[in-house]
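**Q** Attaching a single structure in structure tokens format; questions to follow.
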Amino acid sequence: MTKHTQGPWVFNTSGVDSFYVTPQHHTLWTVAKTYTLADARLIAAAPDLLDALKIALEAPDDDKSWEDDAIAAIKAADPLWQTPWELRHPLK
């Protein structure tokens, strides 16, 4: 199986009607091109979502230290999980 391009990933608009998902430190490489903001957010959050799932599955049942990372990854992928303040003040 081929390894995926390492994250973190970010998305940028082409200025027209599409979004490009790129590695954060190699913005000339394109991971994906999409035409909706929702898809761009989800694709860009994929490496963080994968990492959060791996950590959650490996954690003992009584260890919930992974929850903050999982919530942050979900918020990056789905703006409905963000508070109104976070929507007005994005981290990007």
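**Q** Anything in the stretch 40-66 that is crowded, with 17+ Cβ neighbours inside 10 Å and within 14 Å of W9 (Cα to Cα)? List them, or say none.
**A** A40, R41, L42, I43, A44, A45, A46, P47, D48, L49
**Q** Then there is this: Which of the numbered conditions does W9 fail, given that it passes all the others? Conditions: (1) surrounded by 12 or more Cβ atoms within 10 Å (Cβ to Cβ); (2) more than 11 Å from the chain's Cα centre (by Cα); (3) not basic (K, R).
**A** (2)
**Q** List, please: which pairs have Cβ atoms under 6 Å, are six or more places apart or on different chains, and start with a residue in the stretch 3-19 that is farther than 16 Å from T36 by Cα and end with one that is outside any strand (DSSP E or B) and at pLDDT 80 or above?
**A** T5/V31; G7/P47; P8/Q24; W9/V31; W9/A44; W9/P47
**Q** Related question: Say we look at the stretch 67-80 and pick out the residues that are surrounded by 13 or more Cβ atoms within 10 Å (Cβ to Cβ) and over 12 Å from L49 (Cβ atoms); which of these is modelled with the lowest pLDDT?
**A** P79
Matching residues to (1) under 30 Å from T30 (Cβ atoms); (2) out of contact with any Cys (no Cβ under 7 Å at 6 or more places or on another chain); (3) without any contact (Cβ under 8 Å) to a residue 40 or more places away in the chain:
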site	(1), (2), (3)
A44	yes, yes, yes
D51	yes, yes, no
A56	yes, yes, yes
A59	no, yes, yes
K64	no, yes, yes
D69	yes, yes, yes
A72	yes, yes, yes
A76	yes, yes, yes
Q82	yes, yes, yes
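The values are calculated or read from the model by the stated rules, or taken from the named source; none is laboratory data. What you see is a predicted model, and the numbers here were worked out from it, not measured in a lab. Counting neighbours? That spans all protein chains shown, and the Cβs are built from the backbone with ideal geometry, glycine included.
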